[in-house]
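S.K.: Before anything else, here's the structure in question.
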Amino acid sequence: LSVCGPDADPDQDGMKNLVEFGFGFDPRSGAATPVFEGLGLPKMSLAEEAGTVYQVLEYPARRAGSQVSPLSYIPQFSHDMTWQSDDITTTTEDFPPELDSLNAVWEKVTSRRPVNPGTPVTRTSFVLRPV
């Protein structure tokens with residue numbers, strides 16, 4: 001059983017170390033909850049703004065300046081079996097004041113992509129890798 005490295009899963013919870021590190025889980029604990037409120041796996045939703053429908057992906061990300069080896073977070077969307085990473089707008093913001101202790105290390109990220117309501121995006125994926 002490998003315990004170190006980005007592809008290891010020492011707690012055998014099905015999430016590799018890199019995913020747990022990138023979204024705020026403890027790679028030594030099989031708990032399905034992140035180490036702090038506000039962190040966790042990406043959440044997907046649909047939103048409409050000015051007549052345009054967007055697929056919205058919200059997730060925590062480690063700030064580049066807070067890491068020895070920063071991570072690259074690249075969301076991808078698909079409505080067929082072709083992954084798309086174009087037309088994606090990504091914004092970042094601080095956590096709310098009650099979670100201010102996280103702001104030195106983490107930020108809230110929102111990535112969104114316009115979709116045609118007739119062909120909804122049904123799959124999302126992340127490329128998460130050390131920079």
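The numbers here are math on the coordinates, done by the rules we state, and not lab data. Treat the numbers as computed from the prediction; the structure is a model and nothing was measured. All Cβ positions, glycine included, derive from the backbone under ideal geometry; neighbour counts span all protein chains shown.
S.K.: Given all pairs of different Cα atoms, what value in angstroms does the Kirkwood hydrodynamic radius of the chain take? Kindly include the intermediate steps, with their values, before the conclusion.
M.R.: Details: mean 1/r = 0.0627 Å⁻¹.
Taking the inverse mean of 1/r over all distinct Cα pairs, the chain comes out at 15.9 Å.
S.K.: For a quick check of your reading of the filter: which GluC sites (Glu not before Pro) in the range 1-61 sit in a DSSP loop and have no more than 14 other Cβ atoms within 10 Å?
M.R.: Glu37
S.K.: Of the residues Pro70, Pro60, Pro97, which exhibits the maximal mean-square fluctuation in a Gaussian network model of the chain defined by a 10 Å Cα contact cut-off?
M.R.: Pro97
S.K.: Only Lys, Arg, Asp and Glu count, each charged at its Cβ (+1, +1, -1, -1), so figure out the dipole size of the chain about its Cα centre, rounded to 20 debye.
M.R.: So the magnitude is around 300 debye.
S.K.: Let me ask another. Could you give the length gained by full extension between Glu98 and Phe36, i.e. 0.36 nm per residue of separation minus their alpha carbon distance, to one decimal place? Could the numbers behind the result be given before it?
M.R.: Values: separation 62, 0.36 × 62 = 22.32 nm, distance 1.19 nm.
Gain on stretching Glu98 to Phe36: 21.1 nm.
S.K.: Now a separate question. What is the sum of charges, Lys and Arg at +1 and Asp and Glu at -1, for the other residues whose Cβ falls under 11 Å from the Cβ of Leu57?
M.R.: +2
S.K.: Net charge within 14 Å of Thr110 by Cβ-Cβ distance, Lys/Arg positive one each and Asp/Glu negative one each, not counting Thr110 itself?
M.R.: Values: positive: Lys43, Lys108, Arg112, Arg113; negative: Glu49, Glu58, Glu93, Asp94, Glu107.
That works out to -1.
S.K.: For the range 1-51, report the translational diffusion coefficient in µm²/s to the nearest whole number, using Stokes-Einstein at 10 °C, 1.306 mPa s, and a Kirkwood Rh over Cα pairs. List each step's numbers first, then the result.
M.R.: Details: Rh = 12.2 Å.
Approximately 131 µm²/s, per Stokes-Einstein.
S.K.: Expressed in nm to one decimal, what extension gain is obtained for the pair Ser125 and Lys16 from 0.36 nm per residue of sequence separation less their Cα-Cα distance?
M.R.: Full extension of this stretch gives 37.7 nm more.
S.K.: Taking only C-alpha pairs under 8 Å that are 6+ residues apart, what is the relative contact order of the range 1-120 in percent?
M.R.: 20
S.K.: Each label point is 7 Å from the Cα along the Cα-to-Cβ direction; what then is the distance between the points at Val56 and Asp87, in nm?
M.R.: 1.8
S.K.: Report the label-to-label distance for Arg28 and Val105 in nanometres (one decimal), using points 7 Å from each Cα along the Cα→Cβ vector.
M.R.: 1.3
S.K.: Mind checking the full-extension length gain between Ser72 and Ser45? Use 0.36 nm per residue of separation minus the Cα-Cα distance, one decimal, nm.
M.R.: Numbers: separation 27, 0.36 × 27 = 9.72 nm, distance 2.21 nm.
The Ser72-Ser45 span can extend by a further 7.5 nm.
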